[in-house]
1. If you check every pair at least six apart or on different chains, which have Cβ atoms under 6 Å apart with a residue in the stretch 1-25 that is at positive phi and open to solvent by less than 90 Å² (accessible area, probe 1.4 Å) first and a residue that is modelled with pLDDT under 80 and not in a helix (DSSP H, G or I) second?
2. Restricting to the stretch 72-125, name every residue that is closer than 13 Å to residue 48 by Cα and among the charged types (D, E, K, R).
3. How many of the residues making up the stretch 87-119 are over 20 Å from residue 27 (Cα atoms), of a type in the set (A, V, I, L, M) and over 19 Å from the mean Cα position of the chain (by Cα)?
4. Could you look through the stretch 113-149, keep only residues that are assigned to a loop (DSSP other than H, G, I, E, B) and not polar (S, T, N, Q), and pick out the one that is modelled with the lowest pLDDT?
Amino acid sequence: MSFINSLFYGKYGEGIRYLFIGGLNVIITWATYAILVVIGIGPSLSNATSWIIGVLVAFILNKVFVFNSKTHEKKEVSREVASFTLGRVFTGAVNILGFALLYNMGVDEELFGIDGFFAKIIISAIEITLNYIISKYLVFINNEEKSSD
């Protein structure tokens with residue numbers, strides 16, 4: 001248990017937690033995407049829907065588990081929600097447009113029997129990187145100062 005605790009809360013704990021929660025969120029979005037495609041919804045609409053679900057889950061998990069945001073004041077929580085949502089809208093646009101671009105450029109191979117899944121993996125890696133940068137430096141920016149008080 002000590003190894004896990006030091007891994008998640010040690011020197012690189014925030015990054016490890018972000019990758020873990022991000023991985024969990026990717027699984028949720030990919031599973032949503034796959035289920036929607038399998039039941040007959042087109043790849044682009046399935047991708048957009050899986051993104052919306054991912055944003056809802058990501059805010060809660062990032063606020064509580066990754067960045068340990070202790071904000072409870074309405075004004076500060078509203079700022080976090082707004083900046084997180086705007087950041088995710090930006091990276092969501094990157095996801096949706098990037099997925100369509102990759103898919104239409106021929107990165108439309110099936111993976112695990114799911115149409116366009118390879119493009120989904122590539123664009124997810126780009127999106128995760130951008131989301132971390134935005135969350136760390138624009139959304140949950142005051143948490144280190146508050147936690148040391």
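The values are calculated or read from the model by the stated rules, or taken from the named source; none is laboratory data. What you are looking at is a predicted structure, and each value in this text was computed from that prediction instead of being measured. A quick note on method: Cβ atoms are made from the backbone with ideal geometry, for glycine too, and the neighbour counts reach across all protein chains shown. Accessible surface is based on the protein model in full, side chains and every heavy atom, while ligands, DNA and RNA are left aside. Shrake-Rupley method; radii C 1.70, N 1.55, O 1.52, S 1.80 Å.
1. Hits for this filter: zero, empty list.
2. 88, 120
3. Total meeting the criteria: 4.
4. 149
Quick grid of which residues meet (1) without any contact (Cβ under 8 Å) to a residue 24 or more places away in the chain; (2) farther than 22 Å from residue 7 by Cα; (3) open to solvent by 40 Å² or more (accessible area, probe 1.4 Å):
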residue	(1), (2), (3)
60	yes, no, yes
99	no, yes, no
104	yes, yes, yes
126	no, yes, yes
